[in-house]
1. Exactly one condition in (1) at pLDDT 95 or above; (2) in a loop (DSSP other than H, G, I, E, B) is not met by residue 5; state its number.
2. Checking residue 331 against (1) of a type outside the set (Phe, Trp, Tyr); (2) under 21 Å from residue 122 (Cβ atoms); (3) without any contact (Cβ under 8 Å) to a residue 24 or more places away in the chain: exactly one of these is not met. Which one?
3. State which residue pairs qualify: first residue more than 9 Å from residue 383 (Cα to Cα) and inside region 109-125, second residue of a type in the set (Val, Ile, Thr) and crowded, with 24+ Cβ neighbours inside 10 Å in any location, beta carbons under 6 Å apart, and separation of 6 or more residues or different chains.
4. Which of the following residues is among the β-branched types (Val, Ile, Thr), closer than 30 Å to residue 185 by Cβ and touching a Leu at 6+ places or on another chain (Cβ under 9 Å): 308, 274, 290?
5. Among the residues that make up region 61-84, is at least one of them aliphatic (A, V, I, L, M), more than 19 Å from residue 183 (Cβ to Cβ), out of contact with any strand residue (DSSP E or B) (no Cβ under 8 Å at 6 or more places or on another chain) and modelled with pLDDT under 95?
6. If you check residue 317 against the conditions, is it outside any helix (DSSP H, G or I) and more than 28 Å from residue 216 (Cβ to Cβ)?
7. Just one of the numbered conditions (1) touching a residue at least 60 places away in the same chain (Cβ under 8 Å); (2) surrounded by fewer than 16 Cβ atoms within 10 Å (Cβ to Cβ) is not true of residue 358; which one?
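The values are calculated or read from the model by the stated rules, or taken from the named source; none is laboratory data. Everything quoted here is computed from the prediction, not taken from an experiment. As a convention, Cβ positions derive from the backbone with ideal geometry for all residues, glycine included, and neighbour counts pool all protein chains shown.
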Amino acid sequence: MLHQNEPAPTTSRWREILEKDFFPLNRRRDIDGLRGLAIALVVLFHAGWLQGGFIGVDIFVVISGYFMGRSALMQHPFQPLRFVCRRLYRLLPALVCMIGLVSAGMLWWVLQSDRADIAINGAYALVYLSNIWASGHVGYFQGQSIAYPFLHTWSLSLEMQFYTIIFLMALLLPLTKHRKLVLSGIFTVSLAYCAWSYVEGDTQAYYNIFDRLWQFSLGTMIWICPRPRLSPVVANIIYAAALTVIVGAGLFYTLQFACPSYMTIFPCLAVATIIMLPETHVGRLCLVPISPLGVISYSVYLWHWPGIVVANYLFFFQVHGLMMAAVLGIVLVISVLSYVFVERTGLDYEDRVAVCARNRGAALLIGTCMILAAILFYISYVSRVH
């Protein structure tokens, strides 16, 4: 009898590991589900199956502003080194892994001109300036974007630039009592700048931090806004309406509604509304089931676009249909492995080690990024010269 019961502890241990990694406690599962919806919209857009899926990036930006507002502005006292290290361990390991592996697997066999552009894009991605490189080289919605496996890192560069801004705000805001005024001012100025870009027809504003800062600020301002006190019925109705706006935008928006269009404000406000409401029955029914996808959304975002680009290079034609479905299936497997063995490992290490070891590790991550970026810069230079 004892022998028959031996596998039970192993099963329980694996269940605990899976619950810890994919169903983390002390988190709002509906917000993880919102992330899952966002990454699904982006992937389906890049696969060519959903015309308005680009709004997934807008969703991510608002959510990022919300969480960074908590990590930086709501911490008393603010711990600068802890904030920086947490961001580095969260982002760099998986990014370095993706760019290193894709570069090693791709750069030696692509055309020389492609090699130069891909390498330089990867280098800019590693120093979080990919959006600046992209704004001067390629339109995000144009056909040539399929040639760049690291083009999608423009949004990660935006996010790191926002982290820098909010880090400085966290350091300086204690010097002023007008925190709400500062955040509201940033939101207003950025929204006005975005509107000006729209009037001017500046399509490359899609990559610009100043045109996106109002979205980040909107998420951050949730912390300074009073939470509505609603009955469960009313909260569920508003929650369902906000979710309908997001899904409707993903289904029916066209490229003309991409940032800096005024139409982006509607899904962004819907995201902020969902975050401000408490967990509802609608959220548990519609968003919580896809929360595991939201948990691994960073890894999925990192790997899905290189997977599509590499497939198009390998097959010499635009991948679509069942072939695209197969590519995305492979990407999902790679993303899970990346989350478990790279992303999660980095965060767990940062949690358990002493402060001095944590800081040394962060410095090592930065050094690794700089070395790989230098190698890619050199590859790009040599490819262009010859």
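1. (1)
2. (3)
3. Matching pairs, first to second residue: 122/99; 125/153.
4. Values: 308 fails: closer than 30 Å to residue 185 by Cβ; 290 fails: closer than 30 Å to residue 185 by Cβ.
So the residue among 308, 274, 290 that is among the β-branched types (Val, Ile, Thr), closer than 30 Å to residue 185 by Cβ and touching a Leu at 6+ places or on another chain (Cβ under 9 Å) is 274.
5. Applying the first criterion (aliphatic (A, V, I, L, M)) to region 61-84 yields 61-63, 68, 72-74, 81, 84.
Imposing the further condition that a residue be more than 19 Å from residue 183 (Cβ to Cβ) reduces the set to 81, 84.
Pick out the ones that are also out of contact with any strand residue (DSSP E or B) (no Cβ under 8 Å at 6 or more places or on another chain) and you get 81, 84.
In the following step, the residues that additionally are modelled with pLDDT under 95 were identified as 81, 84.
Yes; the residues of region 61-84 include at least one that is aliphatic (A, V, I, L, M), more than 19 Å from residue 183 (Cβ to Cβ), out of contact with any strand residue (DSSP E or B) (no Cβ under 8 Å at 6 or more places or on another chain) and modelled with pLDDT under 95.
6. Details: outside any helix (DSSP H, G or I): yes; more than 28 Å from residue 216 (Cβ to Cβ): yes.
For residue 317, the condition - outside any helix (DSSP H, G or I) and more than 28 Å from residue 216 (Cβ to Cβ) - is met.
7. The failed condition is (2).
Every residue, every condition in (1) of a type outside the set (Lys, Arg); (2) in a helix (DSSP H, G or I); (3) closer than 27 Å to residue 311 by Cα; (4) in contact with a helix residue (DSSP H, G or I) (Cβ under 7 Å, 6 or more places away or on another chain), yes or no:
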site: 322; (1), (2), (3), (4): yes, yes, yes, no
site: 330; (1), (2), (3), (4): yes, yes, yes, yes
site: 338; (1), (2), (3), (4): yes, yes, yes, yes
site: 358; (1), (2), (3), (4): no, yes, no, yes
site: 373; (1), (2), (3), (4): yes, yes, yes, yes
site: 379; (1), (2), (3), (4): yes, yes, yes, yes
